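Beneath this line is the structure, given in structure tokens, with notes to follow.
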Amino acid sequence: MKKIFVVATMMMAAISASAQYEPGTFSVQPRVGFTASTMSNMEKLDIPIDGYYGVNLDTWPAVGLIVGADVEYQLSPLVSLSAGLNWAQTGSGWEDWKHKENGVTLEIKDTKAETSYLSIPLTANFYVWKGLALRTGVQMGFLTSAKLKMTVTTSGTQNGVNYNQSTDYDESFKSQCNKFDLSIPVGVSYEFNNHLVLDARYNIGVTKVNKESDPDEKDSRNGVFSLTIGYKIKL
């Protein structure tokens, strides 16, 4: 038992020495990267054509941009607190859909719900080995935009009439969404010797995206993965 305690003490001392973070200091970290996000329980999609509402489609992650900065305060060599401000593109995508009836083919492509949030992440950071840190906390997000985009094509012949039309839809659904979003970020980051920081996080949505839902439908929540590269500047 004594040997285990000595080994553990030596390991903690080695971690503290290698981390080289001075307690009581501040740093700022601008960062930029990409997001891959989905909105849960969004398989049912309303197509803007009479008679084709509530079509079930598989969803896929939507890719977007994230930019922002974090301010970090070092509590101890191994623990810090950080607060940030970032803007991120989120949302969800759907698979393409095609339906043929009475000689006319209806097709939708490139369907995507594009949302964006201005967010304030508050995290506790635990440095477990050199520049490697585990992060978790809470994030408050404020909706800045929400648009549904798709391309609807009608082609074929029916009753002697030829159809060949393609329409791009770009409509806001911000009024149907909650303006505030609460999530729990969990992630890991690594600071290189040149102070570049690679950060990977997954935000677990707590509050629902939609204001209202049908009785037979589940609420939708955001799930956002982000990967950013930043530069840590000690103040």
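The values are calculated or read from the model by the stated rules, or taken from the named source; none is laboratory data. Remember, predicted model here, so these are calculated numbers, not experimental data. All Cβ positions, glycine included, derive from the backbone under ideal geometry; neighbour counts span all protein chains shown. The accessibility values were calculated without ligands, DNA or RNA, using every heavy atom of the protein model including side chains. Shrake-Rupley method; radii C 1.70, N 1.55, O 1.52, S 1.80 Å.
I'd like the full set of residues that are under 30 Å from residue 83 (Cα atoms) and either aromatic (Phe, Trp, Tyr) or over 16 Å from the mean Cα position of the chain (by Cα) (or both), limited to the stretch 96-122.
Within the stretch 96-122, 117 is the sole residue that qualifies.
Please return the ranges of strands (runs of 3 or more DSSP E) entirely within the stretch 72-131 where 1 or more residues are among the charged types (D, E, K, R).
97-101, 104-129
Just to be sure before I move on: is residue 204 farther than 27 Å from residue 107 by Cβ, β-branched (Val, Ile, Thr) and free of Cβ contacts under 8 Å to residues at least 40 places away in the same chain in the structure I sent? It would help to see each step written out before you state the result.
Working: farther than 27 Å from residue 107 by Cβ: yes; β-branched (Val, Ile, Thr): yes; free of Cβ contacts under 8 Å to residues at least 40 places away in the same chain: yes.
The answer is yes for residue 204.
Which of the following residues is open to solvent by 50 Å² or more (accessible area, probe 1.4 Å), among the aliphatic types (A, V, I, L, M) and touching a residue at least 60 places away in the same chain (Cβ under 8 Å): 152, 128, 186?
Going through 152, 128, 186 in turn, the sole match is 128.
So, in the stretch 193-222, how many residues would count as being modelled with pLDDT of 95 or more, open to solvent by 20 Å² or more (accessible area, probe 1.4 Å) and over 16 Å from the mean Cα position of the chain (by Cα)?
2
Does any residue in the stretch 77-106 that is free of Cβ contacts under 8 Å to residues at least 24 places away in the same chain come within less than 7 Å, Cβ to Cβ, of a residue that is of a type in the set (Ser, Thr, Tyr) and open to solvent by 20 Å² or more (accessible area, probe 1.4 Å) six or more places away or on a different chain, and which pairs are these?
Sorted first by the residue in the stretch 77-106, then by its partner, the pairs are 98/105.
Residues in the stretch 133-188 that are under 25 Å from residue 110 (Cβ atoms), of a type in the set (A, V, I, L, M, F, W, C) and assigned to a strand (DSSP E or B): how many?
6
Here is a list: 61, 121, 30. Which entry is in contact with a Gly (Cβ under 9 Å, 6 or more places away or on another chain), modelled with pLDDT under 95 and either surrounded by 14 or more Cβ atoms within 10 Å (Cβ to Cβ) or farther than 27 Å from residue 174 by Cα (or both)?
Values: 121 fails: modelled with pLDDT under 95; 30 fails: modelled with pLDDT under 95.
Of 61, 121, 30, the one residue that is in contact with a Gly (Cβ under 9 Å, 6 or more places away or on another chain), modelled with pLDDT under 95 and either surrounded by 14 or more Cβ atoms within 10 Å (Cβ to Cβ) or farther than 27 Å from residue 174 by Cα (or both) is 61.
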